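The values are calculated or read from the model by the stated rules, or taken from the named source; none is laboratory data. Given the structure is predicted, the values throughout are model-derived calculations rather than measurements. As a convention, Cβ positions derive from the backbone with ideal geometry for all residues, glycine included, and neighbour counts pool all protein chains shown. Ligands, DNA and RNA are stripped out before the accessible areas are found, and what is left, the full protein with its side chains, is counted by its heavy atoms. Shrake-Rupley method; radii C 1.70, N 1.55, O 1.52, S 1.80 Å.
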Amino acid sequence: MDADVEAARPWVAEASPTFITLIDQNHLLSSLYNMVNVPQAVWIDEQGRVVRPTETGGSIDILREFDPEAGAFKPEAMARAGAAKALYMEAVEDWARNGADSRFAYDPDAARQRVSRQTPETMLAHAKFQLGRHLASLGRVVEAEALFTECRELHPDSWNIFRETTEKMDTGIAAGEAFWGKVMGLGEKQYYASIDMDGMP
Amino acid sequence: MTIVLTETSNSECVAAPSTTDLWLDADAVTAATGWTLKPEGFCKDDICVPTPADAENYVADGKVNVASFWRLMDRPAAASKDGDVWFLGEGATERNDALLSLEAPDFTLPDFSGKLHSLTDFRRQRVLLITWASW
């Protein structure tokens, strides 16, 4: 989900994944599947039916467990995040093997209950984001930036919009002052929403 | 020329620049949006939205004000400052109905070599659709 394909290319080249990697420069999937962060995932069966709607794909929220003195996340937070990722991958593998018989694949009612909804404001944010992206591609950067500012206000829960459209550090990562300010202001909200999976911390 | 964008299309159309109205020739509307003006209203697939009583705000001289119909349908429409680029978005109601149907919305996106892939190419396989970004 990178507006700038070249920013993504070296990472993907280095990982050389065996799965197909698609480029979504306009964040179409955020609009279609109501995605607000990365990684988020959807499980889709052989008939094209969703058996796990959009949810956090293997991460947990440990952002506020960073230890500035150590310059690293607290060891117990890292351990929890590692366990969460391993558990999620086991669930994916279980579904890959067992399909509809996997205990991780929801029946339609359970899947429907877990669908998160778009609102008129979030859909307007997606429209303005895509308009802004087009204007930026025409070199109309100032106008695009004004639209992106509106998008962040219309859809404050979207880290995809926020991180794509705010300042990046030299590393290309959007983890500067604005990012941390927003994280620290989350309060009761989570950066990565917890998912409903047995044993998930 | 006015550029009319949707999530899946990019069309150049003849329209007077405006940030409130988007009057397009009836034929151009269909090409740019997939919606068609019919005697029963503004239609796509099996949906028809009747033209309201103040028809002159919607249809005039063989032209259709797409922006008015978009507002009528509670769909987001966003225009550039000069009204020369429009994005016609999808409504929250339709999108949520689609999500609740559990039928995975189809899309077509390129890989790093530029080859296009659609979700429907993967029928008969289980698909883990998972996102990542460099930022």
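Just one of the numbered conditions (1) open to solvent by 80 Å² or more (accessible area, probe 1.4 Å); (2) within 20 Å of residue A:32 (Cα to Cα) is not true of residue A:108; which one?
Going through (1) open to solvent by 80 Å² or more (accessible area, probe 1.4 Å); (2) within 20 Å of residue A:32 (Cα to Cα) one by one, residue A:108 breaks only (1).
Considering only residues of region A:157-201 that are within 15 Å of the chain's Cα centre (by Cα) and within 22 Å of residue A:135 (Cβ to Cβ), which is surrounded by the most Cβ atoms within 10 Å (Cβ to Cβ)?
Looking at residues that are within 15 Å of the chain's Cα centre (by Cα) and within 22 Å of residue A:135 (Cβ to Cβ), I get A:164.
With respect to residue A:84, determine if the residue is out of contact with any His (no Cβ under 6 Å at 6 or more places or on another chain), part of a helix (DSSP H, G or I), modelled with pLDDT of 95 or more and not acidic (Asp, Glu). Spell out the reasoning first.
Numbers: out of contact with any His (no Cβ under 6 Å at 6 or more places or on another chain): yes; part of a helix (DSSP H, G or I): yes; modelled with pLDDT of 95 or more: yes; not acidic (Asp, Glu): yes.
Here the answer is yes, as residue A:84 does meet what is asked.
Please give the strands (runs of 3 or more DSSP E) falling wholly within region B:53-135 in which 1 or more residues are within 7 Å of another protein chain (Cβ to nearest Cβ) and open to solvent by less than 10 Å² (accessible area, probe 1.4 Å).
On the way: elements: B:63-65, B:77-79, B:85-88, B:108-110, B:116-118, B:127-130.
Hits in region B:53-135: B:77-79, B:85-88.
Name the one entry in A:72, A:41, A:8 that is open to solvent by less than 70 Å² (accessible area, probe 1.4 Å) and more than 10 Å from every other protein chain (Cβ to nearest Cβ).
Values: A:41 fails: more than 10 Å from every other protein chain (Cβ to nearest Cβ); A:8 fails: more than 10 Å from every other protein chain (Cβ to nearest Cβ).
Among A:72, A:41, A:8, only A:72 is open to solvent by less than 70 Å² (accessible area, probe 1.4 Å) and more than 10 Å from every other protein chain (Cβ to nearest Cβ).
Residues that are surrounded by fewer than 18 Cβ atoms within 10 Å (Cβ to Cβ) and hydrophobic (A, V, I, L, M, F, W, C): does region A:119-132 have at least one?
Taking region A:119-132 as the starting set, the residues that turn out to be surrounded by fewer than 18 Cβ atoms within 10 Å (Cβ to Cβ) are A:119-121.
Subsequent filtering for residues that are hydrophobic (A, V, I, L, M, F, W, C) retains none.
No: region A:119-132 contains no residue that is surrounded by fewer than 18 Cβ atoms within 10 Å (Cβ to Cβ) and hydrophobic (A, V, I, L, M, F, W, C).
Pairs please, first residue from region A:91-112 and acidic (Asp, Glu), second anywhere and open to solvent by less than 60 Å² (accessible area, probe 1.4 Å), Cβ atoms under 8 Å, 6+ apart in sequence or on different chains.
Filtered contacts from region A:91-112: A:94/A:102; A:94/A:104.
Let me confirm something: among A:192, A:106, which residue is hydroxyl-bearing (Ser, Thr, Tyr), assigned to a loop (DSSP other than H, G, I, E, B), assigned by TED's automatic domain parsing to the domain that holds residue A:80 and modelled with pLDDT of 95 or more?
Numbers: A:192 fails: assigned by TED's automatic domain parsing to the domain that holds residue A:80.
Matching residue, one of A:192, A:106: A:106.
Do the conditions hold for residue A:184, that is, is it out of contact with any Gly (no Cβ under 9 Å at 6 or more places or on another chain), among the aliphatic types (A, V, I, L, M) and under 30 Å from residue A:90 (Cα atoms)? I'd like the intermediate steps shown before the answer.
On the way: out of contact with any Gly (no Cβ under 9 Å at 6 or more places or on another chain): yes; among the aliphatic types (A, V, I, L, M): yes; under 30 Å from residue A:90 (Cα atoms): no.
It is false that residue A:184 is out of contact with any Gly (no Cβ under 9 Å at 6 or more places or on another chain), among the aliphatic types (A, V, I, L, M) and under 30 Å from residue A:90 (Cα atoms).
Quick one: what pairs do we get from region B:94-113, first residue over 28 Å from residue A:7 (Cβ atoms), second of a type in the set (Phe, Trp, Tyr), C-beta under 8 Å, 6+ apart or different chains?
B:99/A:33
Going by the structure shown, is residue A:38 in contact with a Ser or Thr (Cβ under 8 Å, 6 or more places away or on another chain), assigned to a loop (DSSP other than H, G, I, E, B) and not aromatic (Phe, Trp, Tyr)? So that I can check it myself, show each step before the final result.
Working: in contact with a Ser or Thr (Cβ under 8 Å, 6 or more places away or on another chain): yes; assigned to a loop (DSSP other than H, G, I, E, B): yes; not aromatic (Phe, Trp, Tyr): yes.
Judged against the criteria, residue A:38 is a match.
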